[in-house]
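Student: Input: one structure, supplied below.
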Amino acid sequence: MYKKVYKAIKKYNNIVIARHIGVDPDAMASQIALRDSIIKTFPNKKVYAIGNGSTKFTYLGKLDKYEPTEEPTLLIVLDTPDKRRVDGIEGINYSYSIKIDHHPFVEKFCDIEIMNEESSSTCQLIIEMIYNTKLKRDKEIIGKLFQGLVSDTNRFLFQNSTASTFKIVSQIVKDYNLDLPALYSDLYMRPLSEIRFQGYISQNMQVTENGVGYIEITNTIINKFNVDSSSAGNIVNNFNYIEDILVWLTISEDNKNDTIKISIRSRGPEINKVAENYRGGGHRFASGARVSSMEEAKLLINDLDRECEKYIKENFE
Ligand code: AMP
């Protein structure tokens, strides 16, 4: 399959690499690293990594502005299981398309689809592709892919870290003598304001009968703590391994898009099917959703609470 992708990359001179809305390090690192690897391999090709960025991830590199052309174009979509969540491809006239993703299957919308739900991250798939084709690599490209992989496994804490993850990581650390503290520092350095904000979340998190922890984050709170609106989404990863909580979520106002953004994590019950009922989806233990009011968020919390109840009955009683 990777060879087929390589062939398509070789054929097209205009290549656009996209990924999901609500950028995260796995999505952005995979697209930037793949872009840089293609340019390193084929210096005359025009390759664009597109979509809305976030100042939080500037260490991963710069995204590109793209003006649609009549030239035959290859579209590569990374880390996105469904077309509606691909960021910024409206108006692009592409001749051929490829999807590389590690989410549970949602729909087929590309000519070639490489889907591996067992993979820790899209970055892991890109490393495997680069190692198994003639695509070129260097320390910087591999370092970014390592950062995306580390972020999506939450430092190898999640169940998606498997033997194949450790094997490929061992290989790249050996081959490129990666400066781990520097790479981790890019990912995890944060201002004190964010730590104080995390303290607010810990202090104010509500917990349901069966262990759903939730917190509402309004813009007033975001402004009070002087944090980035994407901070809530990052902090949600820090609430794992709390005895009283099986599933936890942040409920954040998103005035720009006139919606309420939900980030959900779990250390047992499967949450993506519940998220799918609330304009969401994602992985079994890391999902997101969108709701239109706090009343709707409460319905989601109730559904998650029922999942926890079932999980407790099946596993602890
Ligand atoms: P987040 O909480 O935003 O970090 O998202 C966790 C996971 O859920 C990621 O794999 C996202 O791609 C996915 N996800 C987040 N929001 C949505 C949504 N509204 N619809 C489908 N998947 C989502």
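Student: Tally the DSSP beta bridges in region 192-316 and give the antiparallel ones as a percent, rounded to 5.
Tutor: 75
Student: Here's a follow-up. Express the C-alpha Rg of the chain as a ratio against the empirical globular expectation 2.2 N^0.38 Å, rounded to two decimals.
Tutor: For the chain, the normalised Cα radius of gyration comes out at 1.01.
Student: Pulled fully out, how much extra length does the chain show between Ser170 and Leu157, if you take 0.36 nm times their separation in residues and subtract their Cα-Cα distance?
Tutor: 3.0 nm
Student: Something else: Relative to the compact globular guide of 2.2 N^0.38 Å, what is the alpha carbon radius of gyration of region 183-275, as a ratio?
Tutor: 1.10
Student: I've got another one for you. What ranking of Asp138, Asp186 emerges when the number of other C-beta atoms within 10 Å of each C-beta is taken as an exposure proxy, fewest first?
Tutor: Asp138, Asp186
Student: A follow-up question, please. Sequence gap at least 6, Cα distance under 8 Å: using those rules, report the relative contact order of the chain to the nearest whole percent.
Tutor: About 12 percent, as a whole number.
Student: If I fit a long axis through the Cα atoms of helix 192-204 and take the longest principal axis of the Cα atoms of the chain, what angle between them do I get, 0 to 90°, rounded to 10?
Tutor: With rounding to tens, the tilt is 40 degrees.
Student: Let me ask something else. Using a simple spin-label model with points 7 Å from Cα along the Cα→Cβ vector, what separation in nm is obtained for Tyr241 and Glu71?
Tutor: 4.9
Student: Still on this structure: Using Cα pairs under 8 angstrom and six or more residues apart, how large is the relative contact order of region 67-164, in percent?
Tutor: Once normalised by length, the contact order is 21 percent.
Student: How much of the DSSP bridge set in the chain is antiparallel, in percent, rounded to the nearest 5?
Tutor: Rounded to the nearest five, the antiparallel share is 45 percent.
Student: Compute the acute angle (0 to 90°) between the alpha-carbon long axis of helix 2-11 and the principal axis of greatest extent of the alpha-carbon atoms of the chain; round to the nearest 10°.
Tutor: So the inclination is approximately 50 degrees.
Student: Grab the beta carbon distance between Ser185 and Leu299, set R0 = 41 Å, and tell me the FRET efficiency rounded to 0.05.
Tutor: After rounding, the FRET efficiency stands at 0.50.
Student: Answer rounded, prolate or oblate for region 1-155, using the Cα gyration tensor with square roots of eigenvalues a ≥ b ≥ c: rounded when a/c is under 1.5, else prolate when a/b is larger than b/c, else oblate.
Tutor: The shape class here is rounded.
Student: Does region 65-139 classify as rounded, prolate or oblate by the C-alpha gyration tensor (a ≥ b ≥ c root eigenvalues; a/c under 1.5 gives rounded; else a/b over b/c gives prolate, otherwise oblate)?
Tutor: Oblate.
Student: Calculate how many DSSP beta bridges within region 2-187 are antiparallel, expressed in % of all such bridges and rounded to the nearest 5.
Tutor: 5
Student: What is the extension gain from Asn255 to Glu107, computed as 0.36 nm multiplied by their sequence separation minus the C-alpha to C-alpha distance, in nm to one decimal?
Tutor: So the extension gain works out to 50.4 nm.
Student: With the chain treated as a Gaussian network of Cα nodes joined by springs under 10 Å, which of Ile242, Ile38, Ile141 yields the largest mean-square fluctuation?
Tutor: Comparing Ile242, Ile38, Ile141 in the GNM, the peak value goes to Ile242.
Student: Could you work out the relative contact order of region 2-187? I mean the mean sequence separation of Cα pairs under 8 Å and 6+ apart, divided by the number of residues, in percent.
Tutor: This gives 24 percent for region 2-187.
Student: Can you pull the three principal axis extents for the Cα set of region 191-235, in Å, largest first?
Tutor: So the three principal-axis extents are 33, 18, 16 Å.
Student: Fewest first, what order do Ser95, Ser185, Ser30, Ser266 take by the number of other Cβ atoms within 10 Å?
Tutor: So the residues, fewest neighbours to most, are Ser185, Ser95, Ser266, Ser30.
Student: Which lysines have a Cα lying under 23 Å from the Cα of Lys7, excluding residues fewer than 8 positions away in the same chain?
Tutor: Here the lysines satisfying the reach criterion relative to Lys7 are Lys40, Lys45, Lys46, Lys99, Lys108, Lys134, Lys136.
Student: Determine, for Glu67, Glu307, Glu270, the number of other Cβ atoms within 10 Å of each Cβ, and report the residues in order from fewest to most.
Tutor: Least crowded to most crowded, the residues run Glu67, Glu270, Glu307.
Student: Which residues make up the longest stretch of the chain that has no chymotrypsin sites (Phe, Trp or Tyr not before Pro) in a DSSP loop with at most 12 other Cβ atoms within 10 Å?
Tutor: With chymotrypsin sites (Phe, Trp or Tyr not before Pro) excluded where exposed in loops, the chain gives 106-240 as its longest stretch.
Student: If I build a Gaussian network model for the chain, linking alpha-carbon pairs within less than 10 angstrom, which residue out of Asp26, Asp228, Asp111 has the largest mean-square fluctuation?
Tutor: Residue with maximal mean-square fluctuation among Asp26, Asp228, Asp111: Asp111.
Student: Separate question: Summing -39500 (n - 2.57) over the DSSP H runs of n ≥ 4 in the chain and dividing by its residue number, what mean residue ellipticity at 222 nm do you reach, to the nearest 500 deg cm²/dmol?
Tutor: Helix contribution divided over all residues of the chain: -12500 deg cm²/dmol.
Student: How far is helix 122-131 tilted off the main Cα axis of the chain, in degrees rounded to 10, range 0 to 90?
Tutor: With rounding to tens, the tilt is 30 degrees.
Values quoted throughout were computed directly from the atomic coordinates according to the rules given, and no laboratory measurement underlies them. Given the structure is predicted, the values throughout are model-derived calculations rather than measurements. FYI the Cβ positions are ideal-geometry reconstructions off the backbone, even for glycines, and counts take in every protein chain you see.
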